[in-house]
Amino acid sequence: MIKPELAKVARVEIVTYDKQWPSDFRDMAASLQALLGPEIIAIDHVGSTAVPGLSAKPLVDIDVTLPSREHVLAAVTTMERAGYENRGNRYEEDVFAFMMRSTTPQRRVYLLPQGNETHQKRLLFRDYLIGHPQVAAEYSALKQKLAHQYAYDGDAYTRAKADFVNDVVVKAGSAK
């Protein structure tokens, strides 16, 4: 039985890779392009759903790169009006996170300015996992273990993955 204080907390759920995720991303990217317009520099599929075969939360992570912090701030209201839940600043001062829970799969969109370090690290991590299936398998096993260990604490789950992620980013950066 779930403790009452945990009833409203989202469970950390890891599911097997869904071959539909790339298509879901393309549809989401098209809707974001239509919503935010020609100011967009890039829309990237990041996170575990972007790595073929990798188990993941059923949640598509998307980075939307805009020309500047001012463009990011201007897009916040547009995202909110479109039904995205504003999750505030994440990672760096210039990164704004938004959730859309009413879609399947859910989507988490990050708006960030061009040249953003967090975005560059996400791309390095994603691309390294794609190019190194054994490392992706190790990450999948770690995520399964941590999802069980921190079933109702998403922040602790994320913190517990940090060393692995940071190590991969360093390897990926030195491999370039």
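Report, for the chain, the % of DSSP beta bridges that are antiparallel, rounded to 5. Mind showing how you got there, number by number?
Working: 16 of 24 bridges.
Taking every DSSP beta bridge within the chain, about 65 percent pair in antiparallel fashion.
Matching the structure-derived volume of the Cα convex hull per residue in Å³ against the labelled list (i) 149; (ii) 108; (iii) 124 gives the label (iii).
In this rough spin-label picture, where each label sits 7 Å from Cα along the Cβ direction, the Ser31-Ser174 distance is 4.2 nm.
So which of Lys57/Lys176; Lys19/Lys143; Lys19/Lys171; Lys19/Lys176 end up more than 23 Å apart, counting from Cα to Cα? Please list the in-between numbers first.
Values: Lys57/Lys176 29 Å; Lys19/Lys143 19 Å; Lys19/Lys171 28 Å; Lys19/Lys176 29 Å.
Violating the 23 Å limit, Cα to Cα: Lys57/Lys176; Lys19/Lys171; Lys19/Lys176.
Extending 7 Å from Cα along the Cβ direction at Gln114 and again at Met99 yields two label points whose distance is 3.2 nm.
On full extension, the segment bounded by Ala74 and Arg87 gains 3.1 nm, given 0.36 nm per residue less the C-alpha separation. Mean residue ellipticity at 222 nm, helices only, the chain: -15500 deg cm²/dmol; runs of at least 4 DSSP H residues each add -39,500 (n - 2.57), and the sum is divided by the number of residues. Charged neighbours of Ala160, selected by a Cβ distance under 11 Å, balance to +1 (K, R count +1; D, E count -1).
Coordinate-derived values only; no laboratory data. The model shown is predicted, which means the values in this text are computed figures rather than measured ones. Neighbour counts are summed over all protein chains in view; Cβ atoms, including those assigned to glycine, are modelled from backbone coordinates with ideal geometry.
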